[in-house]
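The values are calculated or read from the model by the stated rules, or taken from the named source; none is laboratory data. Since the model is a prediction, treat every value here as computed from it, not as a measurement. Backbone-built Cβ (ideal geometry, glycine too); neighbour counts: all protein chains shown. Protein only, heavy atoms only, side chains kept; ligands, DNA and RNA dropped before computing areas. Shrake-Rupley method; radii C 1.70, N 1.55, O 1.52, S 1.80 Å.
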Amino acid sequence: MSGRLITVEGIEGVGKTTNINWICECLAEQGIPFIQSREPGGTALAEEIRQLLLTPRDEKMSDLTELLLVFAARAQHLHQLIEPALLRGEWVVCDRFTDATYAYQGGGRGLDMSLIAALEDLVQDKLRPDLTLILDIEPAVGLARAHQRGAPDRFEQEAISFFTRVRQTYLERAQAAPDRYLIVDAGKPLVDVQAQIRAGLHQFCQRSVSRAQATAEPHHGL
Ligand code: TMP
């Protein structure tokens, strides 16, 4: 596959939408063909699963049900949208991916990480993001912003301690594999956040170019 998968992660209220738009602007400036998507969701069926996951209801969803629904949506998204785009040579900018599963279902809910890893292998085979941006912010700041947006969804109703564990898991994963992750301090003013992202993308593109030259794949600069 010659496209690249860029994923963007972080707790609620961290500013993913604004920063994803910025990433897309940077790619468009360079003439890089890309599509933008999100998880859970990205196809009509996966968006229906998203509704199941996000809508608060009286019946408590078991943690295992939640995990399986997240991966069911991902299987559909990969099959229907992500893999075909990568095969066409397009880049995919995705708002959340499997790091969110490690962070929310693993860190937040306390599910066994090895169970998540087994499902990751089953659903994705060898596919992993090429670059993951972790937008990092204090949970209290992010949640205050998220709660201004309207009625909280099923995840936003969780206590702050849940989001502290989610954030910690993101940071641990990033520290364990610094080549794939870029931690962005999203508490800074927007221009600084955008500068961090542009620099990270630039570095990533340079690495991509060297890799493409080694394998004779198409490549882009930034
Ligand atoms: P958002 O994309 O609008 O922030 O909302 C999606 C919610 O779904 C968010 O609270 C995180 C949660 N989620 C998981 O719990 N696990 C996952 O694997 C993904 C992709 C999202």
With n ≥ 4 as the cut-off for DSSP H runs, can you work out [θ] at 222 nm for the chain, using -39500 (n - 2.57) per run divided by the number of residues, rounded to the nearest 500? -16000 deg cm²/dmol
Loop sites in the stretch 135-222: trypsin sites (Lys or Arg not before Pro), DSSP, at most 11 other Cβ within 10 Å: 149
Part-to-part distance (alpha-carbon centres) for the stretch 17-50 and the stretch 146-222, which is given in Å: 14
GNM flexibility winner over the chain from 169, 101, 17 (Cα, springs under 10 Å): 17
Between residue 157 and residue 29, what FRET efficiency follows from the Cβ-Cβ distance if R0 is 35 Å, with the result rounded to 0.05? 0.35
Per residue solvent-accessible surface (Å²) - the chain, probe of 1.4 Å: 47
Using DSSP H assignments, which helices in the chain have an axial alpha-carbon span of 27 Å or above and a mean Kyte-Doolittle hydropathy of -0.5 or higher? 190-215
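With a cut-off of at most 13 other beta carbons within 10 Å, and DSSP calling the residue loop, which trypsin sites (Lys or Arg not before Pro) in the stretch 19-99 qualify? Please list them.
Answer by residue number: 57, 60, 88.
Antiparallel as a % of all DSSP beta bridges within the stretch 4-191, to the nearest 5?
Numbers: 0 of 18 bridges.
Rounded to the nearest five, the antiparallel share is 0 percent.
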